[in-house]
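Presented below is the structure to which this report refers.
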Amino acid sequence: MYDITLFTPQDMAKCSLVLRHLGRNTASMEASSQKIVNYIYRHFCDSQTGENTCALVRLFKTHPYGELEDSLQQSARRLMKGNSPTADMKCWTLLAAAGTQPQWNSRHTAAEHTAIPLVSTKLVAQMPAISEIIRQFGLDIPTFLGIERERFLQLEPAVLNIFHVSEAKGSPFISEQNSLIIPYQVKSVLGFGGLLPSGSLFAVVMLLKVKIPPSTAEMFKDLALSVKTALSIPDKQSVFDYSENSKNCVTNNDFAETQLLEDQVANLIQMLDFSEQEMLRQASRFQQTIDNLQRELVEYKNKEQALKASHNSFTGILNIPKEAIASLEENQGSQHFNQGEEQI
């Protein structure tokens, strides 16, 4: 169990390890995605009450329209209002969901629109949540919609980031105010994700019933790499769990074992880079703490020495034997006096 309000680097490492292995022995990316959102929903809880911290967890992926199963293609066409989609048009596709309500635990019933067509730069810019995720992930909409191969090869390892809305209520980036944010008292929204080797963008989005600061949200950037690793294996094979009556089943039968190994090696190298960067950040914070403590210790010693010198000077003045020195209160009562006053 993880309390996100008390989330530590140790929690991050433990959660990262689990998420990274959830892609093993799964038949599709959808199955891996469902495992991921289930784990996050069930294990992020309030440490005092045990209540789930997330109202809803969803995992999205961009996917070409021509490779969507028939029900998702129908969802995309409804939003296009009769316009004909192209096979390579990207769609913002819901792969998995887990949440408070029973219907939220299946991608088929978790949302009204399970595949949103990303028709053009202009239309995507009018989708506040998606366009803001793209921006916070460090991409621009034109690049996101039509990444050239050479450009993509440069971007793919680097695009792992977070999407954070600290105050969900009233946010222009969260459109589901009346259906989700207000009724379920969602305080913050946190997402993390990046680019997959196939060129698709993925994002895990958590609707949280507690407010979290940017410092906590930033830690989830490391979890993005673990989810990417879990999704990369089925990304090369089958994306969806197709039902028997699905009319449009697209799988990659040309999947090469050597390519899988190459991707796993690349992910391991990237994971090592992330780990080293995290160690450097932690070492920097630790060194900064030590430096602050050393400065405070020096200041304390200086104050102690100054106080001692002041005390010695004051005591020396009081001990002048031939001079009478006394300290009086407001009511003329004596607080203390020296030897001269005592003799007089």
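Return the pair list, or none, for Cβ contacts closer than 6 Å from residues in region 1-18 that are loosely packed, with under 13 Cβ neighbours inside 10 Å to residues that are in a helix (DSSP H, G or I), at least 6 apart or on different chains.
Between residues of region 1-18 that are loosely packed, with under 13 Cβ neighbours inside 10 Å and residues that are in a helix (DSSP H, G or I), the close pairs are 1/43.
List, please: which pairs have Cβ atoms under 9 Å, are six or more places apart or on different chains, and start with a residue in region 39-62 that is assigned by TED's automatic domain parsing to the domain that holds residue 201 and surrounded by fewer than 17 Cβ atoms within 10 Å (Cβ to Cβ) and end with one that is basic (Lys, Arg) and part of a loop (DSSP other than H, G, I, E, B)?
46/209; 51/209
Please work out if residue 82 is more than 20 Å from residue 144 (Cβ to Cβ) and at pLDDT below 90.
Here the answer is yes, as residue 82 does meet what is asked.
Which condition breaks for residue 27 when tested against (1) free of Cβ contacts under 8 Å to residues at least 40 places away in the same chain; (2) surrounded by fewer than 18 Cβ atoms within 10 Å (Cβ to Cβ)?
(1)
Do we find that residue 246 is modelled with pLDDT of 85 or more and either farther than 22 Å from residue 129 by Cα or not assigned by TED's automatic domain parsing to the domain that holds residue 87 (or both) in this structure?
no
Return the pairs, sorted by first residue and then second, in which the second residue is modelled with pLDDT under 90 and among the hydroxyl-bearing types (Ser, Thr, Tyr), the first residue lies in region 210-226 and is more than 14 Å from residue 11 (Cβ to Cβ), the beta carbons are less than 8 Å apart, and the residues are 6+ apart or on different chains.
These pairs meet every condition: 225/16.
Looking at (1) assigned to a strand (DSSP E or B); (2) in contact with a helix residue (DSSP H, G or I) (Cβ under 6 Å, 6 or more places away or on another chain); (3) over 18 Å from residue 216 (Cα atoms), can you tell me which one residue 58 breaks?
If we test residue 58 against (1) assigned to a strand (DSSP E or B); (2) in contact with a helix residue (DSSP H, G or I) (Cβ under 6 Å, 6 or more places away or on another chain); (3) over 18 Å from residue 216 (Cα atoms), just (2) comes out false.
In a loop (DSSP other than H, G, I, E, B) and closer than 19 Å to residue 57 by Cα: is that true of residue 132 in this structure?
Criteria not met by residue 132.
For residues that are buried (at least 19 other Cβ atoms within 10 Å of the Cβ), among the hydroxyl-bearing types (Ser, Thr, Tyr) and more than 24 Å from residue 33 (Cα to Cα), tally how many sit in region 159-212.
Residues flagged as buried (at least 19 other Cβ atoms within 10 Å of the Cβ), among the hydroxyl-bearing types (Ser, Thr, Tyr) and more than 24 Å from residue 33 (Cα to Cα) within region 159-212 amount to 0.
The values are calculated or read from the model by the stated rules, or taken from the named source; none is laboratory data. The structure displayed is predicted, hence computed values, not measured ones. FYI the Cβ positions are ideal-geometry reconstructions off the backbone, even for glycines, and counts take in every protein chain you see.
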